[in-house]
Structures are given as C-alpha cells and as structure tokens.
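Working notes, beginning with the structure itself.
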Amino acid sequence: MSVIVIVANQSHKMYASIICQMMEDAAKVRGTGIAKRKPEYIETKMDQGNAVIALNHENVVGFCYIETWENKKFVANSGLIVDPNYRQTGLAKKIKSEILKLSKEKYPSAKLFGITTSLAVMKINTDLGYKPVTYSELTTDNAFWAGCKSCKNVDILERTEHKICLCTGMLYESGLNT
C-alpha cells in the first residue's frame, strides 16, 4: 500500500466531488449521517489548509477536515472517510493522527472534539487521547449542530435540545498520547 497522508491544498480540489460522494455512500451504508457537504465546502477547507487527504498515487482514498466553532474556542475534526478498500489497514488512524496534529498546531488553545456513531472511530479517538463526554461539554454553536440535519437521527437531537443523540461526543485530553 503506497498511500501518503498530507495536508490538502488547492492542488487537491479536483478530489472534492469524489470525497463528498465517499461521505454520502458511507452514511448510507452505516445508516446514520455524516454531515452532508458540497464540493465547494471541501474546496474551502483545502484552500485554508484545514484538511488532510490520503492518496494512493492519483486516487483519493481518505480525507478529514477541521471546523472551528465559537470564535475558534472549539475545533472539530470532521468528515473522516476512508475508501472501503482501505478500511482495517490503519489508514483511518493515520489520517486522524495527522488531522489532530494539524489542529493542535493551528489552534493550540482550542478544545478539540468530535461526535461519532462509529465504534472504529471511537476506538481511534480513545487511542489518540479523546474521552467520551456529554454534549454539554461540546460547542453550543447552532451552526455546528446544523450539520446534523442530514442525519436520519436528527429528530432525537432536536427533541432533546442538543443534549442527547446516538452519536458519542468525544473531547481530546491535552497531554495524553500526543
């Protein structure tokens, strides 16, 4: 496997549509939502240097991006996706490690967090130093929670006023496994 994981930039914008399709396909298979994004949104993350891309030669095989909330007080590593043919190879952890490193470099004062329904992502996050937390420890920014609207479970989140859902909230504990 000759996969490289690097910070995405403008030269990777040609992959934005493919990445969006990978996210949509994964959400369908899992039966839950990954925040649905448009290619232009992914391109913006690349322009800002707020994304990591995994490439096998000229093929995109993984991706993850950074989102900031509440004036950069909170940072989420979102949209982690790995091509099905590259799952269970350690690639997801490598991507997540790189996006965590980039997040800490760019936003050293921010609280780093994520939400997921994926057991594999929960394990990766735990290995990297994240811990499960209640939603009260996460951002209150409505724009963040708006990303959940494409999930079929959004009714649970809205009914509980963003306090409970099927996703597990995870907060990075600075100094652990860095």
Next item on the list: Please list, or write none, the aspartates and glutamates whose alpha carbon is within less than 20 Å of the alpha carbon of LYS36, excluding same-chain residues fewer than 8 places away.
Entry: GLU24, ASP25, ASP47, GLU67, ASP83, ASP141, ASP155, GLU158
Notebook entry, point to check: Percent relative contact order of the chain, based on C-alpha pairs within less than 8 angstrom and at least six residues apart?
Noted result: 22 percent
Check: Using θ = phi - 60° and the Karplus form 6.51 cos²θ - 1.76 cosθ + 1.60, what ³J(HN,Hα) does each residue of the range 138-145 get, whole Hz, x for Gly and Pro?
Finding: 9, 4, 9, 4, 4, 5, 4, 5
Check: Given the alpha-carbon gyration tensor of the chain, what are the semi-axes of its equivalent ellipsoid in whole angstrom, ordered largest first, with each equal to the square root of 5 times an eigenvalue?
Finding: 23, 18, 16
Next item on the list: Place a +1 charge on the Cβ of each Lys and Arg in the chain and a -1 charge on the Cβ of each Asp and Glu, then give the dipole magnitude about the Cα centre in debye, rounded to the nearest 20.
Entry: 240 debye
Check: Once whole DSSP H runs in the chain are found, which of them have Cα atoms spread over 20 Å or more along the helix axis and a mean Kyte-Doolittle score of at least -0.5?
Finding: 16-30
Check: Once phi is turned into ³J(HN,Hα) by the Karplus curve 6.51 cos²θ - 1.76 cosθ + 1.60 with θ = phi - 60°, what whole-Hz value does each residue of the range 165-170 show in order, with x for glycine and proline?
Finding: 7, 7, 6, 9, x, 9
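Values in this text are rule-based calculations from the coordinates and carry no lab data. Note that this is a predicted model, so its numbers are computed, not measured. Neighbour counts run over all protein chains shown; Cβ positions are idealised from the backbone, glycine included.
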